Amino acid sequence: MRYVVTHPRRVRGEPVHQTSREKKLLESKENEDVEVRVRTREKARDPEALRKEIEEAYLMPEVEHFVETPEVKEIETRMELWLEAGYPVHLIGPTGCGKTSLAIHVARQFGRPVVWINGDESITTADLIGGYAQIENESVRDKYIHNVFKSKDVIKVEWVDNPLTLACKYGYTLIYNEFSRTKPAANNVFLSVFEEGVLELPTKFGEDRYIRVHPDFRAILTSNSIEYAGIHRPQDALLDRMVGIYTDYYGYETEVKIVVEHTGLPQGMARKVVEIVRYLRERLPEAQKPGTRACIMIGKGLMLLNGKQGIGLDQICIDVIASKTSSRKEMEEKRELVYEAISAVQGVSGG
């Protein structure tokens, strides 16, 4: 006689009455689920699959409209020389002078994936190397005896690598942008990387605590000059382990070519924009000097102007340099300086 459930009951969401066949089917399905989870986990841990996922996740965008003049090429060559020699390169210079674009361009020349860190006050060592970021909890319950509830919890922790660890492990090129905005204590982990070629993961358990740095690992760090607000002076022990290259604003002809390439402005107007910005640069305090980025912004604004009422070259220039203004009085002073710069440039160019 086939057993028929006439009053199905459930305890804690699970059916109490199950036939032997139903129990076997359920057990078989659970075993299949476990095998699928194991296969999925093993596939995820496959080194080549993991490396491909990492490279896709951290792939840096190409530098658009990169302008290479003899002036730029000279800095490139110096950077490549030191990177090939195995030393990290520290690019130091004012805001907006093209450090980041240059770093990305040079990193791309080595044909390796590039990983990125953007420094700031909140960066910690864990943000650089990684940490235990995932906890997996599995529970097992006995379903065969309706009044017995047996459970077992298995907790698994998973380490997740952050950019520095990835770069050291797989031989990627690391770009550490705004390096000097990070508090020095967070960067101590670089000491052994640059000197002994070993990365220590202080919070990791077991034999994987130490990683031998891959021979293809390279590092490019960028920093603003020390007089800028929010800058921390890196520890001397770390500075001694890297090569410092100071970059200043590019020369006049290089800046003109950059503006033309990035904005599409006619040559004559691009020259006028660069001359105005360089005039302002000579007369403003160090931390407020407009860089090449300001030239590009003004150029793009002019290209989109299309005769909009009430807006001219003077207002475009004022809007761009206003971002580093702290008071109305200072803004009025800059406004007068912009008028003075435009008059001076037009006087020299004859219109």
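The values are calculated or read from the model by the stated rules, or taken from the named source; none is laboratory data. Computed from a predicted model, the values in this text were never measured in an experiment. Using ideal geometry, Cβ is built from the backbone for each residue, glycine included, and neighbour counts are taken over all protein chains shown.
Structure notes:
- The residues on offer are ILE220, ILE245, and the sole one that is at pLDDT 90 or above, surrounded by fewer than 19 Cβ atoms within 10 Å (Cβ to Cβ), under 17 Å from THR100 (Cβ atoms) and in contact with a strand residue (DSSP E or B) (Cβ under 6 Å, 6 or more places away or on another chain) is ILE245.
- Subset of region 190-214 [surrounded by 19 or more Cβ atoms within 10 Å (Cβ to Cβ) and under 13 Å from THR125 (Cα atoms)]: PHE190, LEU199, LEU201
- Listed conditions (1) within 32 Å of the chain's Cα centre (by Cα); (2) over 23 Å from GLY93 (Cα atoms) are all met by GLY268, apart from (1).
- Selection count where residues are part of a loop (DSSP other than H, G, I, E, B) and either of a type outside the set (A, V, I, L, M) or under 14 Å from GLU76 (Cα atoms) (or both), scope region 89-128: 16
- Residue satisfying condition, being modelled with pLDDT of 90 or more, out of contact with any Pro (no Cβ under 8 Å at 6 or more places or on another chain) and of a type outside the set (Gly, Ala, Ser), within set GLN309, GLN315, GLN288, GLN346: GLN315
For every residue, the table says whether it meets (1) more than 19 Å from PHE190 (Cα to Cα); (2) in the same structural domain as VAL259 (by TED's automatic domain parsing); (3) at pLDDT 90 or above.
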| residue | (1), (2), (3) |
| --- | --- |
| THR77 | yes, no, yes |
| GLU80 | yes, no, yes |
| LEU83 | no, no, yes |
| GLY86 | no, no, yes |
| HIS90 | no, no, yes |
| PRO94 | yes, no, no |
| PRO113 | yes, no, no |
| TRP116 | no, no, no |
| ILE123 | no, no, yes |
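- In region 199-214, the qualifying residues are those that are hydrophobic (A, V, I, L, M, F, W, C) and within 12 Å of THR165 (Cβ to Cβ), and the one that is modelled with the lowest pLDDT is LEU201.
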